[in-house]
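Inspection log for the structure reproduced underneath, given as structure tokens.
The values are calculated or read from the model by the stated rules, or taken from the named source; none is laboratory data. Model, not experiment: these values are computed from the prediction. Backbone-built Cβ (ideal geometry, glycine too); neighbour counts: all protein chains shown.
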Amino acid sequence: MGRRPDFVDGHQHVHQLPQIREALLQTIARRYGAQAPWVRCSAPGRQAGLPAALRWKARVIGALGAYGFGRAAAAAGLRSNRRLLGVYDFQGGSAAYAALLPLWLENMQDGDLLMCHPAMPYPGDTDMAAQRGAEFQVLNDAGFAEVLLREGLRVARQLPRGGHASMVLRMKASR
């Protein structure tokens, strides 16, 4: 692509598994040095108001190595988000995603990251791809900007330099 990535994560959170984590962090340090991209920590964020099944799924993802990954990344001098929100079952179309999004945003704290998978809808999409289209539709709606404004949030491309776990999709005024 001609430039370093803004961040690094792994498909289905495999980057946090101990065997992969060590190789990944060493590779990032060797390849990028002081210009290393930030890395995604999958530790679950606040889950108030979310359905029990989604809270459980977020905790399981975190239990697969998120806390060890966060500690190892910090020890390696890499920047990462604080907590991850946006874990769900990829079902329900736009209505389900539109109902979950405000809950995740209300739960965000400084340094948290909202995981999303938006994509342009395409005829004949699989169920998963269709849900990505639903995410795109919700995130592209003017209502998303209104929720961000109401919650005191903004979208950021990358973590700022000079600190561990500073901010991603979060610049929240204290409540």
Checklist line | residue 31 being over 19 Å from the mean Cα position of the chain (by Cα) and more than 19 Å from residue 100 (Cα to Cα) | finding: yes
Checklist line | Evaluation of residue 110 against (1) more than 19 Å from residue 61 (Cα to Cα); (2) not in a loop (DSSP other than H, G, I, E, B) (one fails), failing number | finding: (2)
Notebook entry, point to check: Pairs under 7 Å by beta carbon, first residue of a type in the set (Ser, Thr, Tyr) in region 19-43, partner surrounded by 14 or more Cβ atoms within 10 Å (Cβ to Cβ), six or more apart or different chains?
Noted result: 42/13; 42/16; 42/61; 42/62; 42/66; 42/84
Item checked: Candidate set: region 116-132, residues that are under 18 Å from the mean Cα position of the chain (by Cα) and of a type outside the set (A, V, I, L, M); chosen: the one nearest to residue 100 (Cα to Cα) -> 116
Next item on the list: Identify the residue in region 34-65 that is of a type in the set (Val, Ile, Thr) and in a helix (DSSP H, G or I) and, among all such residues, is farthest from the chain's Cα centre (by Cα).
Entry: 60
Item checked: Subset of region 120-171 [crowded, with 18+ Cβ neighbours inside 10 Å and either in a loop (DSSP other than H, G, I, E, B) or at pLDDT below 65 (or both)] -> 153, 159, 165, 166, 167, 168, 169, 170
